[in-house]
Amino acid sequence: MTMDKALVVLSGGQDSTTCLYWAIDRFGVDNVSSVTFDYGQRHRIEISCARQIAELANVSNVVLPIDTFAALGGDALTDLDMAVASDLDEASGLPNTFVPGRNLIFLSFAAALAYQRAITHLVTGVAETDYSGYPDCREETLQSLQASLRLGMESPIQIHTPLMHLSKMATVQLAVALGAMPAMAMTHTCYNGMRPPCGTCPACVLRAKGFKDAGVDDPLTLAQ
Ligand SMILES: [Zn+2]
């Protein structure tokens, strides 16, 4: 019997880093690898953060390029002519950083990579409690995608979402319990791409609240 292996979608952010340590805890470090997507995101720093975090955690990291999102346009994460809006779009109720279908595409490519490597477990840091309410982060979406991937690849692929129902505070507590704090100092969260973090964008505010509620100092801001 082969040991179960897991592939973690590692963005270089707080949530996916917590998931990396969750996977190491569950599957063992030798059975975990990571994939990072270069999808033309405005903050190139995310990719180098992911690499550094994977290196610290002693897991391999593959960067896969997907340059199609920027060609689609219309979202502030990949369209460099658009500014990140602080308010939600009135029509959609979503922030303009929403990249339609991003997680579906990421997880499909991750599943294809996993298939090639005889890996059956995918781990992603999506959460329903995410303030943005991205519809591709919902549990129902992920369950439906898992069913499609299983059918479409004839593989017993399993998508794990350990943070799905956790508050940001609980995610911080989980990261502490898993020993992920040294890696947390290398993560990137700020939507404005600033290092040290700007402290005022929605992503920075949410991150700061999670650490404050958990009563934990954020190693990222402490390191500055
Ligand atoms: Zn910020």
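With a simple spin-label model that places each label point 7 Å from the Cα along the Cα-to-Cβ direction, the separation between Ile45 and Asp25 comes to 2.8 nm. The per residue volume of the convex hull around the alpha-carbon atoms of the chain is 116 Å³. Take the Cβ atoms of Met194 and Met169, set R0 to 22 Å, and the FRET efficiency comes out at 0.40.
How do the peptides 15-21, 152-158, 104-110 rank, highest first, by the average count of neighbouring beta carbon atoms within 10 Å per residue? Spell out each step's value before the answer.
Values: 15-21: 26.3, 152-158: 14.0, 104-110: 19.6.
Output ranking for 15-21, 152-158, 104-110: 15-21, 104-110, 152-158.
Each value in this text was obtained by applying a stated rule to the coordinates, not by laboratory testing. Worth saying up front: this structure is predicted, and the values here are computed from it rather than measured. Cβ: placed from backbone, ideal geometry, glycine included. Neighbour counts: every protein chain shown.
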